[in-house]
Each structure stands twice: as structure tokens, then as C-alpha cells.
Amino acid sequence: MLISHVCKSGQMKTASFIQILANRRIGIMLPLGFASGLPLALTAGTLQAWLTVVGLDLKTIGIFTLVGLPYTLKFLWAPLMDRLVPPWLGRRRGWMLVMQVSVALGLAAMAVTGPGQRPEILGVLALLVAFLAASLDIVFDAYRTDVLLRPERGFGAAVWVNGYRCALLLASAGSLLLADRIGWQNTYLLLAAVMLAGVATILASPEPSEPSAAPASMAEAIGGPLKEFFARPGVAGLLALIIFYKVGDAVAASLQTAFLIGGMGFSVSEVGYVKGLGLGATLIGALCGGIAMAKLGMVRSLLLFGLLQAVSNLGFMWLAWMGKSYGALTVSILVENVTGGMGTAAFVALIMSLCDHRYTATQFALLSSLEALGRVFSGRPSAELVEMVGWGQFFFWSFLFALPGIWLVWAFRAQLDQDAGRDAQARTSSVEL
């Protein structure tokens, strides 16, 4: 059944919401996003909770935070996943199968080992699982970029985000509840089984409509993505856009919990409850953003959602002025999460549009690592800014920090449309489901 055509305008023909969800390329994004998000908490916050419960000292637990390092360095081995093609299921789905099975086995090994008398062994296994999970993210990102048609990317990214967030909820709050009833080892074994069951999703996933050839050599796999990207006009501005588009969000979020608990005096449970509502708001925002992108197009969506993201930071400035108000807290968190979900859907679509399909794994990993710079390095400068100007002005400054990213979208709108148009020409004009 033919449900969508890629037109010159890049717009999707009118289709009902149910028809969109019935699209295999979009529908498969939910379980794949879930598989992407599940290992993250199990090697981070949930693992820290396990170590705390068994009585490990704080310094040892602090060392375990280094387990997440592969997620920030994954671009280093991404060229391997562009170059090498497994002998089954093609270049993307073959790697997806290998890595998801490996992550499931790694989680099972963590469960069987446990902290015990040699917590360093569990640390090595957790680091291995994080490496495998980061590798799984590399190929997931490449597959999502290759398989979704241009008009589907906004909504496809939104569905992916929803699956990812649901997995984080299960692997964090859900794991704590499970561990209290069945124990930590059984909890990790259960979630390893869930991860392994997700292999069926990969087997049912469609191949990209026009799979691109792998790089001819490792030299091309490493140098080709950089050479191709840096040969584009206005590349410096595009890189600045990737770095600055969500930097206002990153600055505001860097000390948000400290502001709510230490600055405003809300209890941990009050903040936790509202943040739980915020997760639902993020899911709604991502879906709304994805649907809106099908009509607005990418550039207008980036402009609108970026502006909404920036304005949402002012909600916390309002909260700082209001004082301890549970109603103001709820409104601020909900607005920030809805607009953040919309912005994330548009931003993921932006990165996908900038990738050359020959080098999707490498280019996506590089660009997403650039975006992470704001999250990684904003904490200390933000703390110093709060000491200088106070909480209210801090959130006003976070609003100002978001404006350069919006201006860069406007300044490079023609280039973004050109890149998207080039990508659309490389894809099939119609796809039969």
C-alpha cells in the first residue's frame, strides 16, 4: 500500500495519524529507541544505586562514573561500522543484531558477577557493556537516518525519543522497584532478557529503500566523512549551529535540580514527582513536534521550536521571583519538557539531514558529539554565573544563550534547505510498504 510520496516540496501527503503509525519505517522506531535507552541507566544511575545498597564507599562509586566514557568517544570507532559489513542482514541491521545480542549477554554477565568481593570485575563488565551500547547507538543512529524518508524524519525521531525515554524510566525507577522485590541480580537478568527479546524487532526491521555502498577502504571510512562534510559551503556555520542550538537548554538544565532543591527549598519527593510528570510532557512534546514538522518543514520547525525552548527557560526565572510555589514549579517543568521534546525531535531530524548516506554512522556520531559539548562543559561556568548574578538572572542569561542558535538557523536556512533537498534527491520518490 502506497501511503506517502516524496514531493518536490518535501511534504508528506495527507494521511491519518493511524496510517502514519502503521508505516513500518516509523513504527519500528519505538522498540529500537527502547533498546537504545535501556542499557544507559543500567551502567549509570541504576548501577550506582546497586553499589550504594551493597555498601561500597563513595570514592569507589565515583570511579564507576567513568563507565559512561564510551558514549562521548563513540565517534572514534564509528568508521569501522561504516566500513565493515557483517555477512548477514546488511551493513546496518547486521551490526544492530551483533551489538544488541552482545549488550544482552553483557548485562547478564553483570548480573551473575555482582559487586561481591571484587567490584573491579563488575566495573570492567559495565565498561564493556557501555562500549557495546555506545556502538549499538552508532548503528541505530545510522539506520534511522538511512531508513526514514525526509518527510518522516521529524515524527520518526519523536517516536524514537519516546521509546528511549520509556526505556530510561524502566531502567531507572522501574529497576529500583524491581530490585526491592526480586533482588538486584534478578533485576539485571530480567532486563537482559528484555534486551535479548528485542532482537526480534531487528529481524522485522525493513531495509533502507536505497542502501548505500560501504566505503571502499578504512582510509575512506575515516577521511571520507570529514572530507565530504568540510567541502560543503558554510561548514563553519553549520558546526556552530550544531553546538549552539541547544546550548541554552543545556545551561538551564545543568543546575536545575540544585536550583529546585537547594535554591527554592522543594523536597526531593516534590521534585521527583513533578519531574515524573515532566517525562510525560517530553513524550507529548516530541510527538507534537514530529507531527508539526511534517507540515512546517525542518527550517521553520527549528526556528519555532528553538524559540519556544528559549522562552521556556524564562519560566524558571518566574519561579525564582515567585518563591516556593508548587503550581509555578509544575507549570515551569511541564512547559520546559514539552518544548524540549519538540526541539529534540527537530534537532535529530537536522542531524539526519546533514549526513551523507555513505558515512552516516561516522558523521552522525561526530555531530551528536559536538552537540554534547554544551551538556558536558556547562556545569562549572553555570555555577560561577549563579554566584555572580543569582538564580533569576541566571535563567535569563540561559534564555540569551539560546538566541545565537536560533539566529544561526535563520542565517543558514538556505544551506539547510539545500542539504535537505540534496538528500531528498538521493532517496526514492515513493516507497511501498
Ala134 vs. criteria assigned to a helix (DSSP H, G or I) and under 20 Å from the mean Cα position of the chain (by Cα): yes
Of residues in region 22-37 being open to solvent by 10 Å² or more (accessible area, probe 1.4 Å) and under 13 Å from Leu149 (Cβ atoms), the one modelled with the lowest pLDDT: Arg24
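Has region 244-255 got any residue that is open to solvent by 20 Å² or more (accessible area, probe 1.4 Å) and modelled with pLDDT of 85 or more?
If we filter region 244-255 for residues that are open to solvent by 20 Å² or more (accessible area, probe 1.4 Å), which is where we start, we get 244, 246-247, 249, 253-255.
Still in the list and also modelled with pLDDT of 85 or more: 244.
Yes, the conditions are met somewhere in region 244-255.
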Those residues of region 327-365 which are within 16 Å of the chain's Cα centre (by Cα) and of a type in the set (Phe, Trp, Tyr), in sequence order: Phe347, Phe364
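Quick one: count up the residues across region 74-93 that are open to solvent by 50 Å² or more (accessible area, probe 1.4 Å) and in contact with a Ser or Thr (Cβ under 8 Å, 6 or more places away or on another chain).
Initial filter on region 74-93 (open to solvent by 50 Å² or more (accessible area, probe 1.4 Å)): 75-76, 80, 83-85, 87-89.
In the following step, the residues that additionally are in contact with a Ser or Thr (Cβ under 8 Å, 6 or more places away or on another chain) were identified as 75, 83.
So the count comes out to 2.
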Single match in Tyr143, Tyr71 (criterion: open to solvent by 10 Å² or more (accessible area, probe 1.4 Å) and touching a residue at least 24 places away in the same chain (Cβ under 8 Å)): Tyr71
Every pair of residues 6+ apart whose Cβ atoms lie under 7 Å, when the first sits in region 160-189 and is in contact (Cβ under 8 Å) with a residue 40 or more places away in the chain while the second is buried (at least 17 other Cβ atoms within 10 Å of the Cβ) and not in a helix (DSSP H, G or I): Gln185/Gly114
Region 67-120, subset of a type in the set (Phe, Trp, Tyr) and under 16 Å from Phe131 (Cβ atoms), residue nearest to the chain's Cα centre (by Cα): Tyr71
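The values are calculated or read from the model by the stated rules, or taken from the named source; none is laboratory data. This one's a predicted model, so the numbers in the text were calculated from it and none came from an experiment. Cβ atoms come from the backbone with ideal geometry, glycine included; neighbour counts cover every protein chain shown. Side chains are part of the model used for accessible areas, which takes the heavy atoms of the whole protein and leaves out ligands, DNA and RNA. Shrake-Rupley method; radii C 1.70, N 1.55, O 1.52, S 1.80 Å.
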